[in-house]
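Note sheet for the following structure.
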Amino acid sequence: MRLLLFGAPGVGKGTQAKLLSSKFNIPHISTGDILRQAVKDQTELGRKAQEIMSKGDLVPDLIMIGIIKDRLAKADCENGFILDGFPRTTNQAVELDMLLDEMNLNEIKLINIYAYEEEIVKRLNSRRACKKCGHIFTLSQIENSDSCPDCNAKNSFYLRDDDKEEVIRKRMEIFRMNTEPVLNYYEKQGKVISINGLGSVEEVNNNLLKILNGNN
Ligand code: AMP
């Protein structure tokens, strides 16, 4: 199974990608996570990406395409993969198509998760990341705890720079301008499955599984 998880920032792509990844035993490849790790490690890529990401802008296509090329060449992608956060521009989509063609892998589906913008802004602004493991939680999940439910780090929760309201608005604008056309591109190829992102994580996941298993 080869899936592209598509949707506005904060719509729940990462959460659904993780669930699908463990269900189907294929890697979850989040370009945002790859970049955040590079920033944490202060690699050359990380130093380049840091400022761009904190402003909510897009990292240049050439860099992103290089990252995906290297990642898809790894052995764990042989039986499938879930891309989360890529492609984010039509140019990235065209390059990805060429790459998949070269690899003889053209059976892909784009899962379009949609929701109202105001709901998304509310969600993003109320999520917190763990500084140590990077796991994301909603405020209600960590209400009475001072340690990370995933890695036990103490007092490690923080609001990502790019989840602050002014940056969220900017990311939304970039999504509308640069990323939404990607949907059109895949619609023309008949590869889009759309699903409502409102509702609990379990509800969205059940609906997604029904569609993927062909019983919707
Ligand atoms: P995400 O965690 O997917 O929301 O990504 C966080 C940030 O990483 C984005 O706001 C961009 O700055 C950068 N980023 C992630 N994926 C891409 C991509 N495919 N193209 C350009 N920038 C990206």
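The values are calculated or read from the model by the stated rules, or taken from the named source; none is laboratory data. Predicted model, so just to flag it, every value in this text is computed and none were measured. Reconstructed Cβ throughout: ideal geometry from the backbone, glycine too, with neighbour counts over all protein chains shown. Calculation scope for accessible area: heavy atoms of the full protein, side chains included, ligands and nucleic acids excluded. Shrake-Rupley method; radii C 1.70, N 1.55, O 1.52, S 1.80 Å.
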Exercise. Do we have residue 51 as acidic (Asp, Glu) and within 16 Å of the ligand (Cβ to nearest atom) here?
Worked result: yes
For this session: Could you tell me whether any residue of region 184-201 is assigned to a helix (DSSP H, G or I) and more than 22 Å from residue 90 (Cα to Cα)?
Result: yes
Exercise. Any residue at all in region 128-143 that is among the aromatic types (Phe, Trp, Tyr) and under 19 Å from residue 199 (Cα atoms)?
Worked result: yes
For this session: Out of the residues in region 9-31 that are among the β-branched types (Val, Ile, Thr) and at pLDDT 95 or above, state the one that is nearest to residue 176 (Cα to Cα).
Result: 31
Exercise. Given region 79-172, what strands (runs of 3 or more DSSP E) lie entirely inside it while holding 2 or more residues that are within 15 Å of the ligand (Cβ to nearest atom) and farther than 30 Å from residue 184 by Cβ?
Worked result: 127-130
Exercise. Quick one: what pairs do we get from region 32-51, first residue under 18 Å from residue 171 (Cβ atoms), second away from the ligand (no atom under 11 Å from the Cβ) and open to solvent by less than 70 Å² (accessible area, probe 1.4 Å), C-beta under 6 Å, 6+ apart or different chains?
Worked result: 39/46
Exercise. How about region 80-95: which of its residues are open to solvent by 10 Å² or more (accessible area, probe 1.4 Å) and out of contact with any helix residue (DSSP H, G or I) (no Cβ under 6 Å at 6 or more places or on another chain)?
Worked result: 94
Problem set entry | region 173-191, residues that are within 16 Å of the ligand (Cβ to nearest atom) and open to solvent by less than 70 Å² (accessible area, probe 1.4 Å) | 174, 175, 178, 179, 181, 182, 183, 185, 186
Exercise. Of the residues that make up region 143-160, is at least one touching a strand residue (DSSP E or B) at 6+ places or on another chain (Cβ under 7 Å), surrounded by 17 or more Cβ atoms within 10 Å (Cβ to Cβ) and within 14 Å of residue 11 (Cβ to Cβ)?
Worked result: no
